[in-house]
Each structure stands twice: as structure tokens, then as C-alpha cells.
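Comments concern the structure below.
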Amino acid sequence: MMTMRKKRVGEEIRKVISERLVRGLKDPVPGFVTIQEVEVNRDFSHAKVFFSVFGSEEDKMEAGEILNEYAKYFRSEVNKAIRLRNS
């Protein structure tokens, strides 16, 4: 069961990553990428990001590789944008 707080945090993370994709990365991402959902674990220390790519199979593979390469960048941007307090 996903709590309301986990849903809200996941939605905020999704927004931050989506904004960074729209703003553009150094490497263009092939196809049209949409961040579908973000699942956050119980203590908010990990998140799984689910995305879809509209394009060819080759575009999908390449987009996945590029997004994985930018994982540290996205993590840093999310940390700057969202401050969590665990109580």
C-alpha cells in the first residue's frame, strides 16, 4: 500500500525529472520520453523511475542508456529541489 506522502513525494520527483528533460540535457534523448511514475521506498532513500519512449526500438534502447547515464545528474537535481524531513 502506498501512503499519500509516498505518492506526493513520487509525484514531486516525477515533476523535477520531467522538467529537466524538457529543459534539455547535453546529449539529446531520441524519441519522445515521458516519465510515467516514480515509486519511492519506505524511508525515501530510493526511488524507481518508470518512463516510456515513443519511437523505434532503437530509440527506446538508446534513450534508456542515456537516461541511465544521467542518473547521478537527476539524483542531484531532485536533492536540490526536494527537501525531505523524516520524523
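Against the definition (modelled with pLDDT of 90 or more, over 14 Å from the mean Cα position of the chain (by Cα) and surrounded by fewer than 16 Cβ atoms within 10 Å (Cβ to Cβ)), how does F54 come out, yes or no?
yes
Which of the residues belonging to the range 36-51 are assigned to a strand (DSSP E or B) and open to solvent by 100 Å² or more (accessible area, probe 1.4 Å)?
Q36, K48
Report the residue count in the range 1-35 for those that are surrounded by 12 or more Cβ atoms within 10 Å (Cβ to Cβ) and assigned to a helix (DSSP H, G or I).
Within the range 1-35, residues that are surrounded by 12 or more Cβ atoms within 10 Å (Cβ to Cβ) and assigned to a helix (DSSP H, G or I) number 15.
Only residues that are over 16 Å from the mean Cα position of the chain (by Cα) and part of a helix (DSSP H, G or I): list them for the range 57-87, please.
Residues satisfying the conditions are E57, E58, D59, M61, E62.
Within the set of pairs 6+ apart or on separate chains, which have a first residue in the range 63-87 that is on the phi < 0 side of the Ramachandran plot and surrounded by 13 or more Cβ atoms within 10 Å (Cβ to Cβ), a second that is at pLDDT 90 or above and among the acidic types (D, E), and C-beta atoms under 8 Å apart?
Listed pairs, sorted by first residue: A81/E12; I82/E12.
The values are calculated or read from the model by the stated rules, or taken from the named source; none is laboratory data. Note that the coordinates shown come from a computational prediction; the quantities given were computed from them, not determined experimentally. Methodologically, a virtual Cβ is constructed for each residue, glycine included, from the backbone with ideal geometry; neighbour enumeration extends over all protein chains shown. What goes into the accessible areas is simple: the full protein's heavy atoms, side chains included, and nothing from ligands, DNA or RNA. Shrake-Rupley method; radii C 1.70, N 1.55, O 1.52, S 1.80 Å.
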